[in-house]
Amino acid sequence: MHINPYGEDPVRFAIALAVDFPATAADLVARCRAAGVEVPAGDVDLADVRAFLTDWLGVVDAPDDETRAARLNVLLAAASAYPRLTNHASDGWHVHYRAAELPLAGVLRALIGVGTALHLTGRGMHRLGRCAVAECDRPFADVSRTGRQRYCSPACANRDAVRRHRGRVAS
């Protein structure tokens, strides 16, 4: 996967990291490299990314649009910079919303923060949530056409549908 910083990819990447956080800095670098983010990292980055994702999950769990926006604005203020054009990898000009030469944690803060802002403003402020299955609290990004996603995965949606069906049949 190569992260498109202006679509849903950063949000999906944040969810993947939050749900299955890497055990070591090397694991974090490998996951980032697989996503197309090539920045070295150390143990400080691992701790910083974990702390950021904890704060980011506060955006997911916000009770309303205003709180969600306020929490995300705090993250954006700490992570992003003025937009600038760059061709740093000689793969074409594109926009970065971060200062040059940031450590991996700083890159991920900006990438995920701006990606989340673009996801929410482009698709709807309600398009982040937690799975509706009681025993599952995994976060999800609603990228559905209708904007009514309630589950983190098809497996949870099916499990809940079977549970509801069995409840109706037993009644």
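Contact list please: Cβ distance under 6 Å, first residue in segment 4-25 and closer than 17 Å to residue 105 by Cα and in a loop (DSSP other than H, G, I, E, B), second residue charged (D, E, K, R) and open to solvent by 10 Å² or more (accessible area, probe 1.4 Å), pairs at least six apart or on different chains. Close Cβ pairs (under 6 Å, with a partner that is charged (D, E, K, R) and open to solvent by 10 Å² or more (accessible area, probe 1.4 Å)) amount to 22/31.
Residue 11 satisfies every condition listed in (1) over 15 Å from residue 117 (Cα atoms); (2) modelled with pLDDT of 95 or more except (1). Taken over segment 118-149, residues that are within 19 Å of residue 56 (Cα to Cα), assigned to a loop (DSSP other than H, G, I, E, B) and of a type in the set (Lys, Arg) amount to 2.
Every residue, every condition in (1) touching a residue at least 40 places away in the same chain (Cβ under 8 Å); (2) open to solvent by less than 30 Å² (accessible area, probe 1.4 Å), yes or no:
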| residue | (1), (2) |
| --- | --- |
| 79 | no, yes |
| 82 | no, no |
| 112 | yes, yes |
| 122 | no, no |
| 128 | yes, yes |
| 140 | yes, yes |
| 163 | no, no |
| 168 | no, no |
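Here 110, 81 are screened, and the one residue that is in contact with a Lys or Arg (Cβ under 9 Å, 6 or more places away or on another chain) and in a loop (DSSP other than H, G, I, E, B) is 81.
The values are calculated or read from the model by the stated rules, or taken from the named source; none is laboratory data. Owing to the predicted nature of the structure, the values given are computational and were not obtained by experimental measurement. Note: ideal-geometry Cβ built from the backbone for every residue, glycine included; neighbour counts use all protein chains shown. Areas reflect the complete protein model, heavy atoms only, side chains present, ligands, DNA and RNA absent. Shrake-Rupley method; radii C 1.70, N 1.55, O 1.52, S 1.80 Å.
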